[in-house]
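Let me begin by presenting the structure, written as structure tokens, before commenting on it.
The values are calculated or read from the model by the stated rules, or taken from the named source; none is laboratory data. Computed from a predicted model, the values in this text were never measured in an experiment. Here the Cβ positions follow ideal geometry from the backbone for every residue, glycine too, while neighbour counts run over all protein chains shown. SASA here: full protein model, heavy atoms, side chains in, ligands and nucleic acids out. Shrake-Rupley method; radii C 1.70, N 1.55, O 1.52, S 1.80 Å.
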Amino acid sequence: MNISKAIYYILSNHSGLNSLVSNRIYPVRAPQAVLQSSDPYVVFDKISIIPTNTQDAASKLDYTRVRVHVWSKDYTNCEAIATTVRSALDRLAEGVYNTVRICNSLYMDQTETFEEDDYYSIVLDFNMGIHTS
């Protein structure tokens, strides 16, 4: 299952997040033009996938660790975006999101940094259960 399709779908369709970053939500890395602008944006990626193994069949449930990076030149805005990302993905209702069947989603942790080019960054990690069959 392509968890990236589900994450993009969830985040890009969240009205609160859309009002903060518009359509600047990207898998793995942001385009160069976005990196050179001063607009806030969100980047997400998969950190790991851990299968639920059985003795006689392939995993029917994978636990995927997802990392979401929030970038903004304004710290207060960065915090607001991170809070909105957390509300969009934490304890997500079981369901099908852009053809991906998610059974659970749990907020794990958060870190903050200040990067070059005067960007604040807040990184949120989530553990998501994904049905594979």
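Cross-link partners of Lys5 among lysines, defined as those whose alpha carbon lies under 17 angstrom from its own and excluding same-chain residues fewer than eight positions apart: Lys46.
For the pair Ile49 and Cys103, label points projected 7 Å from Cα toward Cβ lie 1.6 nm apart.
In square angstrom, what is the accessible area per residue of the range 1-58 with a 1.4 angstrom probe? Heavy-atom SASA per residue in the range 1-58 reads 61 Å².
Accessible surface area normalised per residue over the range 76-133 is 51 Å², counting heavy atoms of protein chains with a 1.4 Å rolling probe.
Ordering of 49-56, 99-106, 27-34 by packing is 99-106, 27-34, 49-56, highest average first (other Cβ atoms within 10 Å, averaged per residue). The angle between the Cα long axis of helix 75-89 and the longest principal axis of the Cα atoms of the chain comes to about 20 degrees, rounded to the nearest 10. Taking only protein heavy atoms and a 1.4 Å probe, the accessible area of the range 1-64 is 51% carbon and sulfur. Within the range 2-34, name every residue whose backbone N is under 16 Å away from a label modeled 7 Å from Cα of Val123 along the Cβ vector. Output list for this probe position: 28-30.
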